[in-house]
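First the structure, then my questions, so here it is.
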């Protein structure tokens, strides 16, 4: 390989390193709920021309579908893609099973003391047979983190939520509650690993330029 080709090879590696460094700075922290349990205050729903209380509403992680949260540390934007199961006494009175709800919310977040507060809104789609089918849910989430200065993980637990429930053809009602999530940090490539791969590429360029066939 000529000196010119060697320079081109090393230049390519340098560009790759620059691009990788730039992409590494755009950090997106992804977390998954391995477990979630929460309770919300009872609300009245119009059924058969009467206002019927739901009783205490329980929410738990759907074991068949993941709940994933993303934090973009460059823009302070976050997305909550959740999958819960709802249960409350009114369901049992109607002979119904727990119903799945899939809230998807987006918004911004900030770190305040020992709290990471995410102000997110969105729509939660409820499936199955339930007075909640088709509702819209709007969340205000407070995320309590172990170390507010360690913004590389944001591990913690959900402390409080406010939910607005809008049954079909009815006035919206609001409930508050608390929940606790067991959170796991998704594995992401380490910057050191990326740098190592690039270094190997650079070494390969140099070795190839020095190696000459014996024939």
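Every number in this text was worked out from the coordinates using simple rules, so none of it is lab data. None of these values were measured; they are calculated from a predicted model. No Cβ is skipped: glycine too gets one built from the backbone with ideal geometry, and neighbour counts run over all protein chains shown.
How many residues are surrounded by fewer than 17 Cβ atoms within 10 Å (Cβ to Cβ) and part of a strand (DSSP E or B) when one looks only at region 130-143?
Qualifying residue count, region 130-143: 0.
Being out of contact with any strand residue (DSSP E or B) (no Cβ under 6 Å at 6 or more places or on another chain) and surrounded by 14 or more Cβ atoms within 10 Å (Cβ to Cβ) is the filter here, so list the residues in region 101-117 that pass it.
111
Residues that are touching a residue at least 60 places away in the same chain (Cβ under 8 Å): which strands (runs of 3 or more DSSP E) entirely in region 63-129 hold 1 or more of them?
Details: elements: 68-72, 77-81, 84-87, 99-112, 115-126.
Those strands (runs of 3 or more DSSP E) span 68-72, 77-81.
Where residues in region 31-62 are touching a strand residue (DSSP E or B) at 6+ places or on another chain (Cβ under 7 Å) and in a loop (DSSP other than H, G, I, E, B), which of them is surrounded by the most Cβ atoms within 10 Å (Cβ to Cβ)? Before the answer, list the steps.
Pass one, region 31-62, residues touching a strand residue (DSSP E or B) at 6+ places or on another chain (Cβ under 7 Å): 31-45, 51-54, 56-62.
Restricting the remaining residues to those that are in a loop (DSSP other than H, G, I, E, B) gives 41-43, 54, 56, 62.
Values: 41: 13, 42: 15, 43: 21, 54: 23, 56: 14, 62: 19.
It comes out as 54.
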